[in-house]
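The values are calculated or read from the model by the stated rules, or taken from the named source; none is laboratory data. A quick note: this is a predicted structure, and the numbers were derived from the prediction, not measured. Using ideal geometry, Cβ is built from the backbone for each residue, glycine included, and neighbour counts are taken over all protein chains shown. These area figures cover heavy atoms from the full protein model, side chains too; ligands, DNA and RNA do not enter into them. Shrake-Rupley method; radii C 1.70, N 1.55, O 1.52, S 1.80 Å.
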Amino acid sequence: MIRRPSLTAAPLLAGLALAGPLLLSAASPAAAINDRSFKDWWVACDNLRSCSAYGPEMESADDHYGAWLRFSRDGAAAAPLTARIGMTLTDQAIDGSATLVVQGDGKAPVVTVPARIEGGVVLADLPAEALPGLLDRLRHADILPVTLSGGAVATPVTARISLSGSAAAMLFVDDTQGRVGTITAAWKPGQKPAETVPPVPDLPVVRAAPASARPIPAARPAILNPSQDDEICEAAAADQFEPIVERLDDTHILYGRACFSGAYNIAYDLFVAADGSDPLPAAYDAPDGLDGEAFQPVNPAYDPATRTLTSFAKGRGIGDCGVGTRWVWDGARFSLAGMEMMGICQGIVWDDWPVVYRAKVEGID
């Protein structure tokens with residue numbers, strides 16, 4: 001199932017830069033991620049040097065909320081470059097298939113491909129043989145027109161994807177993956193062999209604590225009911241939103257209180273109490289660049305079956321940009337196990353966001 005942005009949400013923000021400290025503070029896990037903006041394009045690479053480059057449509061339209069071109073490539077020397085066109089239609093009831101045409105220089109299209117549509121979200125993967133022509137358009141054009149028609153689409157939908165910044169974005173991918181000057185480079189190839197591309201780093205390992213069937217104590221700590229605002233939290237938020245009370249393992253309980261709320265983000269302070277002890281601020285283990293002591297989960301949820309805490313900080317109300325993280329309880333702290341991120345607010349659905357941090361999780365059945 002394709003998850004599209006919630007297009008009935010609260011008032012929108014102009015972009016991630018306006019999302020405030022809930023999303024882009026130095027304490028955000030996003031601060032540790034290798035991403036970059038080049039004019040209209042945005043690139044993100046994960047800890048295994050897998051990279052995705054996005055070019056969005058910058059113009060508004062009545063029949064769709066956004067369209068984008070995505071290039072993706074894993075970090076291994078032999079990994080192929082892939083490309084996809086996406087679009088979010090205004091009519092969420094459209095399901096089925098259609099035909100997507102990527103226009104060329106006016107004489108012939110770069111490629112014509114089938115597109116799948118689910119809930120108004122269009123995704124079309126481009127064949128490998130179309131990539132040389134597509135990369136040529138990046139070198140010589142400012143706009144990439146695409147048209148969706150036929151099948152489930154009664155009236156053709158045309159989008160104009162910006163190519164401004166695409167050259168720098170593709171070079172950034174080659175450079176990050178160590179491909180510049182090699183026969184594997186997509187943008188700046190050379191004669192160096194594929195073996196000169198550096199190997200992919202090892203995947204970090206996180207081990208979850210054993211699950212527990214012990215009951216949660218009925219008594220609630222005073223930390224869940226602050227009597228007044230402090231320098232960090234608003235007492236009114238704790239009164240307005242339900243606290244989090246979950247068992248982490250046989251000897252630890254998780255407590256969370258709402259600390260701040262906006263139109264579409266609710267930040268929580270989390271605390272962990274060992275048996276017979278007062279709750280202490282939860283600890284977070286994450287990559288270099290993250291101040292774990294200052295991290296506040298946003299719109300959090302905890303799943304005791306997988307010992308996983310999730311957080312999703314929206315960049316704007318429709319949820320088409322922001323940062324999503326997954327943290328696994330290891331018996332002493334929450335260790336970062338995964339992160340998705342979208343740094344441009346242009347209608348790109350969650351399913352097509354890049355993974356910007358990943359780890360192998362052990363200890364979960």
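Condition check ((1) in contact with an Asp or Glu (Cβ under 7 Å, 6 or more places away or on another chain); (2) modelled with pLDDT of 95 or more) across all residues:
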| position | (1), (2) |
| --- | --- |
| Pro217 | no, no |
| Gln228 | no, no |
| Ala238 | no, no |
| Leu248 | no, yes |
| Ile266 | no, yes |
| Leu280 | no, yes |
| Gly292 | yes, no |
| Ala301 | no, yes |
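Yes/no per residue for (1) in contact (Cβ under 8 Å) with a residue 60 or more places away in the chain; (2) open to solvent by 60 Å² or more (accessible area, probe 1.4 Å); (3) touching a Ser or Thr at 6+ places or on another chain (Cβ under 7 Å); (4) assigned to a loop (DSSP other than H, G, I, E, B):
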site	(1), (2), (3), (4)
Pro201	yes, no, no, yes
Ala209	yes, no, no, yes
Ala219	no, yes, no, yes
Ser227	no, yes, no, yes
Ala236	no, yes, no, no
Val245	no, no, no, no
Going through segment 293-315 in order, the residues found to be part of a strand (DSSP E or B) and farther than 16 Å from Trp329 by Cα are Val298, Phe312, Ala313, Lys314
Quick check, is Val146 farther than 21 Å from Leu69 by Cβ, within 27 Å of the chain's Cα centre (by Cα) and of a type outside the set (Ser, Thr, Tyr)?
no
Of everything in segment 168-182, what is assigned to a helix (DSSP H, G or I) and in contact (Cβ under 8 Å) with a residue 24 or more places away in the chain? Give them in sequence order.
Ala168, Ala169, Met170, Phe172, Val173, Thr176
Just for segment 183-195: of the residues that are touching a residue at least 40 places away in the same chain (Cβ under 8 Å) and either in contact with a strand residue (DSSP E or B) (Cβ under 6 Å, 6 or more places away or on another chain) or of a type outside the set (Val, Ile, Thr) (or both), which one is nearest to Leu81 (Cα to Cα)?
Ala186
For Gly363, the lone unmet condition from (1) within 21 Å of Pro226 (Cα to Cα); (2) open to solvent by 20 Å² or more (accessible area, probe 1.4 Å); (3) more than 21 Å from the chain's Cα centre (by Cα) is (1)
Only listed residue being modelled with pLDDT of 95 or more, assigned to a strand (DSSP E or B) and acidic (Asp, Glu), chosen from Asp125, Asp91
Asp125
Mind counting the residues in segment 83-99 that are in contact with a helix residue (DSSP H, G or I) (Cβ under 8 Å, 6 or more places away or on another chain) and either crowded, with 23+ Cβ neighbours inside 10 Å or of a type in the set (Val, Ile, Thr) (or both)?
1
Inspect all residues belonging to segment 250-267 and state whether any of them is surrounded by fewer than 16 Cβ atoms within 10 Å (Cβ to Cβ) and either more than 25 Å from Val323 (Cα to Cα) or among the acidic types (Asp, Glu) (or both).
yes
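This table checks each residue for (1) among the aromatic types (Phe, Trp, Tyr); (2) surrounded by fewer than 20 Cβ atoms within 10 Å (Cβ to Cβ); (3) touching a residue at least 12 places away in the same chain (Cβ under 8 Å).
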| residue | (1), (2), (3) |
| --- | --- |
| Tyr302 | yes, no, yes |
| Leu309 | no, no, yes |
| Ala313 | no, no, yes |
| Arg316 | no, no, yes |
| Cys321 | no, no, yes |
| Met339 | no, no, yes |
| Gly347 | no, no, yes |
| Val355 | no, yes, yes |
For segment 151-167, indicate whether the set of residues that are in a helix (DSSP H, G or I) and either in contact with a Leu (Cβ under 9 Å, 6 or more places away or on another chain) or surrounded by fewer than 18 Cβ atoms within 10 Å (Cβ to Cβ) (or both) is non-empty.
yes
Whether any residue in segment 275-295 is in contact with a helix residue (DSSP H, G or I) (Cβ under 9 Å, 6 or more places away or on another chain), open to solvent by 20 Å² or more (accessible area, probe 1.4 Å) and of a type in the set (Ser, Thr, Tyr) is what I want to check.
yes
So Leu144 passes all but one of these: (1) open to solvent by 30 Å² or more (accessible area, probe 1.4 Å); (2) in contact (Cβ under 8 Å) with a residue 24 or more places away in the chain; (3) under 12 Å from Leu163 (Cβ atoms). Which condition number does it fail?
(1)
